[in-house]
Amino acid sequence: MSLSDEELERYARQIVLPQVGGLGQRKLKSARIVVIGAGGIGSAVIPALAGAGVGQLTIVDSDRVEAANLHRQPLFTEADEGKSKAELGAVFVRRLNRFVEADPRHERIGPDNARQLLGGHELVIDGSDNFATRLAVSDACVALNIPLISAAAVQFRGQVGLFRSKPCYRCFVGNAFDSDDCDNCAELGVLGALTATVGSFAALLAINSIVAVGSDQAGQLHLFDGEQLSWRTMRIPPDPVCDACGSA
Ligand SMILES: [Zn+2]
């Protein structure tokens, strides 16, 4: 997949990076990534990936913009209240970068449709706000053998992990939360600057993973403490009896 003169000029500041170069930029251009949730995390992930020149972005979200979203979801403005977040996210992508193809999917992802929505992509970034969705997305990624970046933020804490089938996100969380569809942010609160931090980290992890910058981060969970302003990393051990990726 070649780059036009216009694209070479547009992405010059990242192509000049030896870790990226023309080869890395072509990898980004050929990448098909699906973003689950155009909320606080999606509001950081979507512009970063569109700006970087990821070739195709699918945006899955069944929500419509509410006033209480605006403090942490800068994809949207006051004039967008009541409109589809997936559709608005796609409009944002097309306005930012006409070289990126945006595919909005205004529907709720769950066990019944996850494989159909995620199939054909080479990376899934999940910024949804509840365990039931995150586990359904993870199980589908394991079944389809698609890498998953799972990102979450609540109150002053955030976490981001890259999973390549084994260990999977379910190895970390277990089976206790499959029916937990509560909205963490509504119940517990969250800062916009926190979701932006966690979302930007997830976008960087995605770009590094696609371009092959740095060491492979699969199976590591990065935890952010927004009060102490520090990151730490823990390794997720595979669960041998995991319902999704275990050998049973
Ligand atoms: Zn597992």
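Couple of notes before you dig in:
- Selection count where residues are of a type in the set (D, E, K, R) and within 17 Å of Gly214 (Cα to Cα), scope the range 138-164: 1
- Complete set of residues in the range 218-239 that are farther than 18 Å from Ile125 by Cβ, open to solvent by less than 90 Å² (accessible area, probe 1.4 Å) and more than 15 Å from the ligand (Cβ to nearest atom): Asp225, Gly226, Ser230, Thr233, Met234
- Which numbered condition Asn208 misses (of (1) within 16 Å of the ligand (Cβ to nearest atom); (2) closer than 19 Å to Leu49 by Cα; (3) part of a helix (DSSP H, G or I)): (1)
- Matching entry among Val213, Val173, Val160, Val190 (being under 13 Å from the mean Cα position of the chain (by Cα) and aliphatic (A, V, I, L, M)): Val160
- Scan of the range 165-211 for residues that are modelled with pLDDT of 95 or more, hydroxyl-bearing (Ser, Thr, Tyr) and under 21 Å from Ala140 (Cβ atoms), ordered by number: Tyr169, Ser209
- Residue-level analysis places Cys242 outside the set of residues that are within 16 Å of the ligand (Cβ to nearest atom), in a helix (DSSP H, G or I) and buried (at least 19 other Cβ atoms within 10 Å of the Cβ).
- Qualifying residue in the range 48-56 (condition: assigned to a helix (DSSP H, G or I) and among the polar types (S, T, N, Q)): no
- Any hit, the range 165-179, residues being among the aliphatic types (A, V, I, L, M) and more than 16 Å from the ligand (Cβ to nearest atom): no
The values are calculated or read from the model by the stated rules, or taken from the named source; none is laboratory data. Predicted model, so just to flag it, every value in this text is computed and none were measured. Here the Cβ is made from the backbone with ideal geometry for all residues, glycine too, and neighbour counts use every protein chain on show. Accessible surface areas use protein heavy atoms only, side chains included; no ligands, DNA or RNA. Shrake-Rupley method; radii C 1.70, N 1.55, O 1.52, S 1.80 Å.
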